[in-house]
Each structure stands twice: as structure tokens, then as C-alpha cells.
């Protein structure tokens with residue numbers, strides 16, 4: 001089987017079979033060409049990819065004076081592009097009940113992390129973090145700032161999930177929600193030490209001025225893995241070839257589930273695509289808090305249960321049950337402080353109503369709930385509170401129904 005060599009070619013970098021002049025593929029940088037060539041080699045059975053030795057200077061570099069910046073990294077020389085980083089929204093996955101028939105052939109599988117989705121922009125050594133609603137939360141997570149230095153001068157947009165890992169190394173949304181929107185810098189600094197976040201990076205959307213959105217996932221993953229982003233508060237988790245074993249292992253560890261992505265899928269910002277799917281071990285559902293039921297016994301003077309709902313196809317809020325477990329005392333106090341000023345006389349729910357004695361509230365808080373199933377009546381069975389979310393608009397909350 002012929003070797004593949006990566007060489008300069010007409011102002012770019014090209015991968016060529018040994019002894020042939022016609023390129024298999026071309027890319028803007030040597031690192032990108034090597035990553036794409038490795039994908040090609042795996043898919044076509046070529047023996048190996050051979051970079052030039054010694055490593056050649058990137059042919060795009062020009063000595064045009066002080067404005068021509070470059071940085072030398074383990075990936076080779078890189079030029080700074082005048083192209084501005086685009087503003088993007090994350091691509092979303094579609095819920096399915098079962099893996100597709102070609103799950104082990106045309107898909108890559110990742111752990112579904114129980115955290116907050118984020119796009120991370122690193123430009124000219126400065127890091128910025130945006131939620132899926134494009135809200136800047138950079139100040140909330142100062143421990144991620146050194147990631148810009150780890151990129152060693154490269155400019156990138158990374159897609160990932162911000163999580164807090166518990167003592168057993170599992171993501172905990174309850175610990176993460178304590179980090180949301182902190183305005184008290186002393187408390188924030190204390191929680192950075194007590195509950196540090198980790199960024200799980202799983203996609204690369206833009207690199208050194210080049211949009212990678214139209215590249216197939218498998219190629220984007222290869223370029224991302226070539227950046228070797230593994231630090232104290234960030235990592236690039238492995239993608240797996242088979243769905244079944246990973247789903248079984250996540251269930252054994254009590255994790256939420258898995259994400260499947262077609263190997264040939266492009267990145268579609270802001271779209272929920274069937275080319276990305278999620279399989280869950282437990283139902284995890286975002287809900288709107290529409291009020292509360294006062295407690296009894298030990299919790300007589302506190303919230304006993306939250307009254308929750310989801311929107312139907314016409315945008316009406318439908319009652320989805322009560323959740324009375326998953327709280328600690330500090331969270332009950334926080335919820336009381338948030339719901340008290342939102343109290344209202346009328347019910348925000350259409351159709352079936354919560355039990356008598358419910359105190360209603362303006363339906364603008366979003367919570368995440370774990371449950372065993374949906375009942376025929378449209379309520380959640382055995383719901384458990386996981387925390388409030390501030391990265392989703394209450395008007396967008398609908399019941400997630402698996403396809404397939």
C-alpha cells in the first residue's frame with residue numbers, strides 16, 4: 001500500500017501518494033493536511049502518513065513587516081488571518097429511542113455530558129465563552145482562561161460542554177448550577193476552588209480564520225484531536241465507534257446517555273439535526289416552574305414541591321406534575337427567594353390544573369428534571385429536581401419526544 005506524503009503545494013499543503021504528483025487533498029496549513037490525510041488513510045487502507053522531515057515552513061507565511069504575526073507550535077507555523085471569528089449558535093441533537101441500523105458503521109458516539117453547552121472563542125490570546133443563547137459568561141468561569149494559552153497563538157472556536165465533576169468523576173448538574181450567574185466575586189472565587197468546572201471539548205468550528213463548518217465531522221474531529229487540548233480544566237473526550245457498549249457503560253455509571261453523530265455530517269449552527277442524535281438512560285426534561293405547593297411536616301414553612309409544565313404545539317403551558325425531591329435546604333431557600341416576587345393570583349397553565357392549594361408564579365424560570373417516564377396523563381413519573389437553568393428561555397421549553 002502506498003504511503004501518503006504531506007508537502008507544500010501551490011501556496012497550500014497537499015497530501016499525495018508516494019510517487020504521484022496529483023494531490024489527494026489540499027489544506028491551508030500543514031497540521032490540517034496531516035489530520036485530513038490520516039482520516040483518508042484509515043478509510044482507504046493506506047499504510048501511513050509521512051510529514052516532510054524536516055518540517056517545512058508554511059508556504060503562506062510572508063515577511064511583510066511587523067503586522068505579519070506568526071507563532072510556532074507543536075503543530076507547525078501558523079499565520080494570523082484577517083478573517084474575524086463568526087458568531088455562531090450550537091448545533092443540537094434530536095432525541096431518539098433506539099440507535100439507527102447503521103449505528104456502528106456511519107456514526108461516532110460520545111458520552112452525553114450533564115452540563116451547560118458552550119461555544120468558546122479564542123482570538124488573539126483572549127478567551128470568550130457564550131451559552132447557547134449567545135450570552136457571554138466568560139467571567140463566571142475564570143479557571144478556563146488558561147485554555148487560550150494552551151492554544152499557543154492559534155485562533156479557534158470550540159464547541160463543548162461545561163461540567164462540574166463530583167468526587168467520583170461524574171458530571172453533576174446540581175454542583176454546576178451553583179456556578180451560574182454569580183455576581184458576588186468572593187463567592188465565585190470560593191466556588192472556583194470548591195467546584196471547579198471542566199470543559200469537555202467535542203468539536204472545532206473555526207481555526208486560524210478558516211470556517212470548518214462544511215467539513216465532515218470525522219475530519220473536524222481529527223483536526224481537533226491534533227490540537228492535543230488536554231489540561232487541568234479542559235479535555236477532548238474520546239469518540240467511540242459503537243453505540244451499544246458505550247450506552248451500557250453510561251447506564252452502569254449512572255450517566256445521562258450518549259450522543260451519536262454521523263461521521264460525514266457538517267456542522268449546522270442553531271439547527272436541531274437528525275444527523276446528531278441523543279439516546280438517554282433516564283428521561284431528562286427541561287420544565288417551566290409555574291408555582292409551588294407549600295410543604296408539610298419538616299418543610300411546613302418551606303416549598304414542598306415545585307409545580308411544573310411544558311408548552312404544547314400552540315405555545316400553551318400544560319401541567320406536567322409536581323417535583324418534591326432533589327432539593328437541599330440551601331436550594332429551597334434560594335427557590336423561595338426567586339419565586340416569592342413572582343407570585344401571581346391566576347394559574348399560568350392551560351387545561352388540566354395542579355392540585356388545590358398551589359401557589360402560582362410567573363412562568364419564567366426553567367428547571368431540569370430527571371424522571372422515569374411520562375404518564376398517559378402527560379405528567380412525569382418519579383421526578384427529581386436537578387437544578388435551575390439560565391441558558392434557555394422558558395418559552396422554548398417543550399416536551400422532548402424520541403423519534404425512531
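Coordinate-derived values only; no laboratory data. Treat the numbers as computed from the prediction; the structure is a model and nothing was measured. We place every Cβ from the backbone using ideal geometry, glycine too, and count neighbours over all the protein chains shown.
If you take the Cα atoms of the stretch 140-263, find Rg, then find the Kirkwood Rh from the mean of 1/r over all pairs, what is Rg/Rh? Spell out each step's value before the answer.
On the way: Rg = 16.1 Å, Rh = 16.2 Å.
Across the stretch 140-263, the Cα-based Rg/Rh ratio is 0.99.
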When the chain is treated as a GNM, springs tying every alpha-carbon pair under 10 Å, which of 154, 252, 238 comes out with the largest mean-square fluctuation? 252
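What are the semi-axes of the equivalent ellipsoid for the chain, taken as the square roots of 5 times the Cα gyration tensor eigenvalues, largest first, in whole Å? Don't jump to the answer; show the numbers that get you there.
Details: eigenvalues 419, 113, 59 Å².
Equivalent ellipsoid of the chain: 46, 24, 17 Å, largest first.
Full extension from residue 313 to residue 143: what is 0.36 nm times the residue separation minus their Cα-Cα distance, to one decimal in nm? If you can, show how the numbers build up before the last one.
On the way: separation 170, 0.36 × 170 = 61.20 nm, distance 4.06 nm.
Using 0.36 nm per residue and subtracting the Cα-Cα distance, I get 57.1 nm.
Report D for the stretch 283-396 in µm² per second (integer): Stokes-Einstein, Kirkwood Rh on Cα pairs, 37 °C, 0.692 mPa s.
Working: Rh = 14.0 Å.
Stokes-Einstein gives a translational diffusion coefficient of 235 µm²/s.
Roughly what % of DSSP beta bridges within the chain run antiparallel, to the nearest 5? Write out the running numbers ahead of the final one.
On the way: 81 of 92 bridges.
The answer is about 90 percent antiparallel.
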Pick from 23, 196, 146: which residue has the top mean-square fluctuation in a GNM of the chain where Cα pairs under 10 Å get a spring? 23
Which of 345, 140, 314 moves the most in a Gaussian network model of the chain with Cα springs under 10 Å? 314
Taking 0.36 nm per intervening residue step and subtracting the Cα-Cα distance, what contour gain separates residue 384 from residue 84 on full extension? 103.6 nm
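So if we plug the beta-carbon distance of residue 183 and residue 325 into 1/(1 + (r/R0)^6) with R0 = 30 Å, what FRET efficiency do we get, rounded to 0.05? Walk me through the numbers on the way to the answer.
On the way: r = 29 Å, r/R0 = 0.98.
So, using R0 = 30 Å, E works out to roughly 0.55.
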Considering the Cα trace of the stretch 98-175, what is its radius of gyration and what is Dmax, both in angstroms? 15.4, 44
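Between residue 214 and residue 343, how high is the FRET efficiency from 1/(1 + (r/R0)^6) when r is the Cβ-Cβ distance and R₀ = 56 Å? Nearest 0.05. Don't skip to the answer; put the middle values down first.
Numbers: r = 50 Å, r/R0 = 0.89.
E(calc), rounded to 0.05, equals 0.65.
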